[in-house]
Amino acid sequence: MVTAVSVLVLLAAGVAASPAMADTAQAQAQDVYEVLGTATPQLRTAVARTGVDILTATNESTTIVGSAAQAEQLRKLGFVVESRGPVETQGLPEVAPAAITDFPSGDEGYHTFAEATAALQAAQQNFPAIAKLSSVGQSYQGRAMNLIKISDNVATDENEPEVLFTCNMHAREHLTTEMCLRIVERFTTGYATNAAIKNMVDTREIYLIPNMNPDGSEYDISGGRYHSWRKNRQGNGTDPNRNWSYKWGCCGGSSTSPTNETYRGPSAFSAPETKSVSDWVNSRKIGGVQQIKTHIDFHTYSELVLWPFGYTYNPTAPGMTAAEAQKFQTLGKQMAATNGYTAEQSSGLYITDGDINDWMWGNHKILSFCFEMYPKGGNPGFYPPDEAIAPQTARNDKAVDLIIGAAV
C-alpha cells in the first residue's frame, strides 16, 4: 500500500522526475490516468512533483495527464495508476472545425479575445460615468492586458477600498473570462435599477482583468478546436500561476523544466503577463497603503474556494497569524456557502509555490482567494458547453458581493 512515508522516502532517493526526465516524458504521447490512493496533501504533492498535469485531486484519486513514462514513475513510487485513455477523448467535445478566430462550432457563446475586448469597450461606451477601460500592459505576443474599472466618479482616483478580479490566467479556462464579463455586465447594467449594486459601485473601486493570458487563450482555440493549453506562449510556455515572486520556486510546488505544465520560468516575473499585473498592483500602494483590499482569481475546475498559503501545509506561517488565517477561513466558508463550492487552504490539495494568491497576501496583505469554477469533476472538464456560461457565472454573484463587501 502506498503511504506518505513510502513516497517521501522514494522521492528522497531520487525517484522523482529530474528536468531531463520530464522533458523526455513531455515529448511522448499524453494520456489521462487515474492515480489511486491520494488521501493526503503530501501524496498529492508527490504526484504533482513528477511533472504531470493534474486535472482533479481528491482523497480517493487524482486525475492526471501524462506520458507512459510518468505513469510508470508513479507506479515506482507505490501508486496504483489506471489508464483512462488518450487526452483527445477526455472532455474535448467532438465538433466541426470553425474559423480560426472563433471557438469550435457550438461553443460560439464564449468570447474570443477580440470579442471580450469589444464587450469591455461597449461597457465603457454605454456607461461612461461608471466604466473606464485601460490596460496594465501587453502580453508576450503584444495583446493588450485589458483592465476595466467600475466605480462612480470613475475618472477620479477616490479614497475608496479597491477590489480586484482576475480571470483566464490559464489559457484553457475560458469559463473564467465569462465570469469577469458577467461581473462587468452586472455592475454596469444594474447600477441604475439595483440599490445593492449601486451602493457597491458608489463605495468601492472595482477592477477586473478578464484576460490574464490572452496569447494562450487564443492559441487554445486556434484552428477551430481545443488544444488543452495551459501556459503562456513564451517559448515552451510559462505557467503564469507559478511565476510570482513570493516564495517563487521555494518548496517543490513548481517545475524547472520548460516543457512541464507547471514550469515556473527562469526567474520570478519572467512572463510579461505576470510582470505587468504585478507592477500595476504595486502601483496601487499609495502613500504606503495598499488600496486593493480583496481579490479573487478565477480558475476552472473543481468547484473550490481556496486561500493562502499554497507553499506550506501549515495554516499559519511567517506572514500569516492565527487571526489572519481565521479571517481567510471565515470569509472563504461564507462565500462557499453561497455557491456550493468546497472551501479549504490551497495546500490542502497539494503544494504550489509562486502563485498569485500567496503573492497578493504575502506582499500586500490583500485578502486573496482562488475560485475553481464548474465543473466539480472531469466531465465536461475545461470545456463546458456555452449553455453553462449563464448559470455557472451567476452562481458566483453572491460570493462576488461578499468579497466586495469585505473590502474595507
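No lab work stands behind these numbers, since they all come straight from the coordinates. Every value quoted in this text rests on a predicted model; they were computed, and no experiment measured them. Virtual Cβ from ideal backbone geometry, glycine too; neighbours counted across all protein chains shown.
When Asp202, Asp31 are arranged by Cβ crowding within 10 Å, least crowded first, meaning fewest neighbours, the order is Asp202, Asp31. From least to most packed, judged by other beta carbons within 10 angstrom and beginning with the fewest, Trp280, Trp244, Trp229 follow the order Trp280, Trp229, Trp244.
In the elastic network of the chain, a GNM with C-alpha springs shorter than 10 Å, the most mobile of Val81, Val289, Val281 is Val289. Note on Lys327 and Ala394: the extension gain reaches 21.6 nm, defined as 0.36 nm multiplied by sequence separation minus the Cα-Cα distance.
Scanning the chain for cysteines with no neighbouring cysteine C-beta under 4.7 angstrom from their C-beta gives Cys370. For Lys247, the aspartates and glutamates whose Cα comes closer than 13 Å to its Cα, not counting residues fewer than 8 places off in the same chain, are Asp353, Asp355, Asp358. Each of the peptides 382-392, 347-357, 210-220 was scored by the mean count of other Cβ atoms within 10 Å over its residues; in descending order, highest first, they stand as 210-220, 347-357, 382-392.
Could you compute the longest span of the chain free of trypsin sites (Lys or Arg not before Pro) located in DSSP loops and having at most 16 other Cβ atoms within 10 Å, not counting the site residues? No qualifying site falls inside 1-364, the longest such stretch.
For segment 249-408, what is the percent of antiparallel DSSP beta bridges, rounded to the nearest 5? Percentage antiparallel, nearest 5: 35.
For the chain, give the share of DSSP beta bridges that are antiparallel, in percent and rounded to the nearest 5; count only bridges with both residues there.
Values: 31 of 54 bridges.
Percentage antiparallel, nearest 5: 55.
With a ≥ b ≥ c the root eigenvalues of the C-alpha gyration tensor of segment 113-405, is it rounded (a/c under 1.5), prolate (a/b larger than b/c) or oblate? Rounded.
The alpha-carbon of Lys293 sits under 17 angstrom from the alpha-carbons of these lysines, leaving out residues fewer than 8 places away in its chain: Lys149, Lys285, Lys327, Lys365.
Only the Cβ atoms of Lys and Arg (+1) and of Asp and Glu (-1) were treated as charged; on that basis the dipole of the chain about its Cα centre amounts to roughly 920 debye.
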